[in-house]
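First comes the structure, then the notes that go with it.
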Amino acid sequence: NAPVDAQGKNGVTPLHVASHYDHQNVALLLLEKGASPHATAKNGHTPLHIAARKNQMSIATSLLQYGAQANAESKAGFTPLHLSSQEGHHEMSALLLEHKANPDHQARNGLTPMHLCAQEDRVNVAQVLVKHGADTQAPTKAGYTPLHVASHFGQANMIRYLLQEGADVNASTAIGYTPLHQAAQQGHCHIVNILLENNADPNAITNNGQTSLKIAQKLGYISVLDSLKPVTEAVTTPDQPPPSEEKYRVVAPEAMHETFMSDSEEEGGEDTVLSDQPYRYLTVDEMKSLGDDSLPIDVTRDERHDSNKMALSSEFPPTAGLEDSISPQHASMVQSGISVTDFADNINIERQSHVGFLVSFLVDARGGAMRGCRHSGVRIIVPPRS
């Protein structure tokens, strides 16, 4: 008598979990026992969203047969077709389109599946979308077309495909940015050349008076400057504002900020629905457990109590000529009542802390560590191979 649609952490049901792990028999059994294919998790994802993203073809087919909606929206307005398009699953995308998925469905921010193909360079999926009538020039809320997105992310294959399909090379966003502006801003010299070869206007001016050349100059992209200088005219028109001299602010198209179910979702992991994270930070315990010589200091020590103490590891002997390198500071140290021996290597410094702008710092660069304490100056320890 267990409820087939019982919701666990973040609202996921057994059918969500079966879809995530591609347990086809379990998913089919749940559907036969009345599990809802429309159940939504905390982020609004249905089991079909998960199957589409993970490319679980058999489960997706079963879900659609049991009435799953191909155009179901997440909280942010993304459909299963958005997810399969971003991941490059052309067969899954074709399956969804055959079940009446809208190829031009816009999320809350205006992104369509074609925009996500452009972002990830998924030409194979873009071809499937176009075959089903997708618009290659649909703008987002801020006016970014798929060509803007492909130019921003440097996706040459998608740019060529979109241009081949008739995309407007000089389409403008709400603030006047063309694909050429985006490519110049990102320093994509190869993309700039492709756009110029396809009649992109190098003299197009944004709403704040910036040309592609001016943007490249402000950001220091030398190779982009070399491509744009010969074709850009140094002209200003009365109806256009002068270029702003303020610090340049990078502009970017909308992005899909979805949260996804992780492998530890049903095991009580983090309190959010997690996606794959490219970065993570080392905790003190993790740093302590590394067990190599990349961290010659005790990372568990309380910095507030030990800011006036520092010792070099015996693995790093005193460097020849070190005292000569600090000799210009001797006079000021004597005047302040500090003995030169206070700074001898491998000797703990027992004295009052000197208040200053920097008390101590610790930097973990995964292979090297630096620690410094202010003693009328800053001392830094950099281990070998760091």
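Bear in mind these aren't lab numbers, they're just calculated from the coordinates by the rules spelled out. Being a predicted model, the structure only gives us computed values, none of them experimental. FYI the Cβ positions are ideal-geometry reconstructions off the backbone, even for glycines, and counts take in every protein chain you see.
Data table
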| read-out | value |
| --- | --- |
| Segment residue 168-residue 141, extension gain: residue separation times 0.36 nm, minus the distance between their alpha carbons | 8.0 nm |
| In Hz, Karplus ³J(HN,Hα) per residue of the stretch 139-145 (6.51, -1.76, 1.60; θ = phi - 60°; x = Gly, Pro) | x, 7, 4, 8, x, 7, 8 |
| Label zone at residue 156, where the point sits 7 Å out along the Cα-to-Cβ direction: the stretch 187-217 residues whose backbone N lies under 11 Å | 189-194 |
| Violating pairs (Cα-Cα greater than 28 angstrom) within the set 141/214; 100/141; 75/247; 9/131; 54/131; 75/218 | 75/247; 9/131; 75/218 |
| Assigned charges on the beta-carbon of Lys, Arg, Asp, Glu; the stretch 142-253 dipole about Cα centre (debye) | 300 |
| Relative exposure of 148, 23, judged by other C-beta atoms within 10 Å (fewest first) | 23, 148 |
| Stretchable slack from residue 190 to residue 65, in nm (0.36 nm times residue separation minus alpha-carbon distance) | 40.4 nm |
| Dipole moment magnitude, nearest 20 debye, the stretch 6-141 about Cα centre, only Lys, Arg, Asp, Glu C-beta charged | 420 |
| For 254, 98, 246, order by how many other beta-carbon atoms lie within 10 Å, fewest first | 246, 98, 254 |
| Estimated inter-spin distance, residue 6 and residue 226, nm [label 7 Å along Cα→Cβ] | 6.6 |
| Between the stretch 1-80 and the stretch 139-195, the Cα center-to-center distance that results, in Å | 36 |
